[in-house]
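Reviewing the structure listed below.
The values are calculated or read from the model by the stated rules, or taken from the named source; none is laboratory data. Predicted model only: the values in this text are computed from it and were never measured. When the accessible area is computed, the model is the full protein with side chains, heavy atoms only, and any ligands, DNA or RNA have been set aside. Shrake-Rupley method; radii C 1.70, N 1.55, O 1.52, S 1.80 Å.
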Amino acid sequence: MAGLWTSYMETAGPKRPTLFSSIIDAAPTSFSQQDRKGLVQNILDDISDGTVSKQDLSRALLAVKTLARHPDGSAVVVKQSNLKLLCKLAGPSNPSTVTNEALRCVANALLLVESGRDTWIEVGGGQMCLQRLQDPKTTEEFCFLHARILFLVTLKQCPFLKSTVEDGKTVEAIAEVSAG
C-alpha cells in the first residue's frame, strides 16, 4: 500500500483515524519497509501525544498490531519509548479493549524481536505482568496474554527470571490465584 504513510502524515489529526481501517484491512505484503516502520512510529507517537482520541485508541493499536506482524514493524514496537507507552496502556486503568490490543502488540513484537524482551523488563513490563497475574480480578483472556509475554521474556536465563523464582512469594501467589 505505497503511499499510505504519506497519506497518514498529510491527513489532519482528527481525520487520521479513518486511515486505521485501511491499514487493518490491507494485505500484509502491501506495505513497503519504510511505510510500515513510519506508520508504526507515527501512530504510536500520535497515541503518546494524545492526538488519537480515547474512542479511537483500540483501533490505532489494532493498526499497530497489524503492521507489527512483520519483523520490520515489530522492530519499531520494541523501542524503549514505545514499550514504555504500551506498558502504560496495558495497565488496569484503561478500557479492556485498549489493554487487550496493547498486550497483543507487545506479545507479537516480543515473539519476533528477541532483543525487545530485555527492554520490556527494563520498562517494568515484567513486573506489571506478574502483578496482573496475582490479581484475582484479572480475566482469563488477560491472564493468558500476561502469561504469554512472561513466557517470552523468560525463555532464556535472566536476572528477572532468577529473582522471580527465588522470591517464591510471587510464584505462590500466582499459583493461588490460578487455583482459584
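Relative to the compact-globule scaling 2.2 N^0.38 Å, provide the ratio for the alpha-carbon radius of gyration of region 15-69. Write out the running numbers ahead of the final one.
Numbers: Rg = 10.4 Å, N = 55, 2.2 N^0.38 = 10.1 Å.
Cα Rg divided by the expected 2.2 N^0.38 Å: 1.03.
One quarter of the convex hull surface, Cα atoms only: what value does that give for region 1-103 in nm²? Show your work: numbers first, answer last.
Numbers: hull surface 22.6 nm².
The number I arrive at for region 1-103 is 5.7 nm².
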*Please report, as a whole percent, how much of the solvent-accessible surface of the chain comes from carbon and sulfur atoms (probe radius 1.4 Å).*
53
*Which entries of 37/79; 54/88; 54/137; 54/84; 37/84 show an alpha-carbon separation above 20 angstrom in the structure shown?*
54/137
*Heavy-atom surface of the chain, accessible at 1.4 Å and reported per residue (Å²)*: 51
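Compute the normalised compactness of the chain: alpha-carbon radius of gyration over 2.2 N^0.38 Å, N being the residue count.
1.07
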